[in-house]
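The values are calculated or read from the model by the stated rules, or taken from the named source; none is laboratory data. As the structure is a prediction and not an experimental result, all values here were calculated from the model. Using ideal geometry, Cβ is built from the backbone for each residue, glycine included, and neighbour counts are taken over all protein chains shown. When the accessible area is computed, the model is the full protein with side chains, heavy atoms only, and any ligands, DNA or RNA have been set aside. Shrake-Rupley method; radii C 1.70, N 1.55, O 1.52, S 1.80 Å.
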Amino acid sequence: MSYICCQERSKILLLLNRSNLEKDIGANEEGQSKLQETRPIPEPLDNEVLIQIQSTGICGSDIHYWHRGTTGRFTVKDPMVLGHESSGEKVAIEPGIPCKLCHLCRSGKYNLCEEVRFCATPPVDGTLARYYAHPADFCFKLT
């Protein structure tokens, strides 16, 4: 199964379910041109899990990327999928992916890692998709 993306002026990609394509593309009131892109369901690496995303919240940084193509020191240079506040079927996703090797990570303070990479922060794609592959260590089962 594949999914469709839209590209706006700031090079941001939003994944849309193929069955919702007409409705979602027709919702563009500004008449901006969109590029359609087919993306396959991601193949998880050995240390990753494939999550069927159930919901994604839209954050202030997503809005900044969408309108300006930048937030803070990060600028979108290539197409990127938005979204980082997501959950899947009984799973919460930690959007920060630390190095796991530095002193801070090894002492349990991975949130302070200087090498942390975040979902939907260039160049890492976000979770506004039907499926997302993410490191298993940073997925938390909900009860």
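For segment 42-74, what are the residues that are aliphatic (A, V, I, L, M) and touching a residue at least 24 places away in the same chain (Cβ under 8 Å)? If you could, list the steps in order and put the result at the bottom.
In the first step, residues of segment 42-74 are kept if they are aliphatic (A, V, I, L, M); the result is 45, 49-51, 53, 58, 63.
L45, V49, L50, I51, I53, I58, listed by residue number.
Of the strands (runs of 3 or more DSSP E) that lie entirely inside segment 43-112, those containing 2 or more residues that are in contact with a Ser or Thr (Cβ under 8 Å, 6 or more places away or on another chain) and not polar (S, T, N, Q) span 48-57. Annotation note: Cβ proximity below 8 Å between a residue of segment 95-112 that is in contact (Cβ under 8 Å) with a residue 24 or more places away in the chain and at positive phi and a residue that is open to solvent by 100 Å² or more (accessible area, probe 1.4 Å) and not in a loop (DSSP other than H, G, I, E, B) (sequence gap 6+ or interchain) occurs for K100/R106.
Of all residues in segment 76-97, those being over 22 Å from C113 (Cβ atoms) and of a type in the set (S, T, N, Q) number 1. Evaluate segment 62-72: report whether one residue or more is among the aliphatic types (A, V, I, L, M), crowded, with 17+ Cβ neighbours inside 10 Å and farther than 21 Å from C113 by Cβ. Looking for residues that are among the aliphatic types (A, V, I, L, M), crowded, with 17+ Cβ neighbours inside 10 Å and farther than 21 Å from C113 by Cβ, one finds none in segment 62-72, hence no. When V91, V81, V76 are checked against the criterion of being β-branched (V, I, T) and in contact with a helix residue (DSSP H, G or I) (Cβ under 7 Å, 6 or more places away or on another chain), V76 stands alone in meeting it. Scan segment 96-103 and give yes if some residue there is under 13 Å from D137 (Cβ atoms), at pLDDT below 90 and surrounded by 14 or more Cβ atoms within 10 Å (Cβ to Cβ), otherwise no. Among the residues of segment 96-103, not one is under 13 Å from D137 (Cβ atoms), at pLDDT below 90 and surrounded by 14 or more Cβ atoms within 10 Å (Cβ to Cβ), which makes the answer no. Per the conditions (1) over 11 Å from the mean Cα position of the chain (by Cα); (2) part of a loop (DSSP other than H, G, I, E, B); (3) not basic (K, R), the sole criterion not satisfied by T127 is (1).
Apart from one condition, H134 fits all of (1) modelled with pLDDT of 90 or more; (2) part of a loop (DSSP other than H, G, I, E, B); the exception is (2).
The set of residues in segment 104-142 that are among the aliphatic types (A, V, I, L, M) and either over 23 Å from P40 (Cα atoms) or surrounded by 19 or more Cβ atoms within 10 Å (Cβ to Cβ) (or both) comprises L104, L112, V116, A120, L128, A129, L142.
Given the options P79, P40, P122, name the one that is touching a strand residue (DSSP E or B) at 6+ places or on another chain (Cβ under 9 Å) and modelled with pLDDT of 90 or more. So that I can check it myself, show each step before the final result.
On the way: P79 fails: modelled with pLDDT of 90 or more; P40 fails: modelled with pLDDT of 90 or more.
Being touching a strand residue (DSSP E or B) at 6+ places or on another chain (Cβ under 9 Å) and modelled with pLDDT of 90 or more holds for just one of P79, P40, P122, which is P122.
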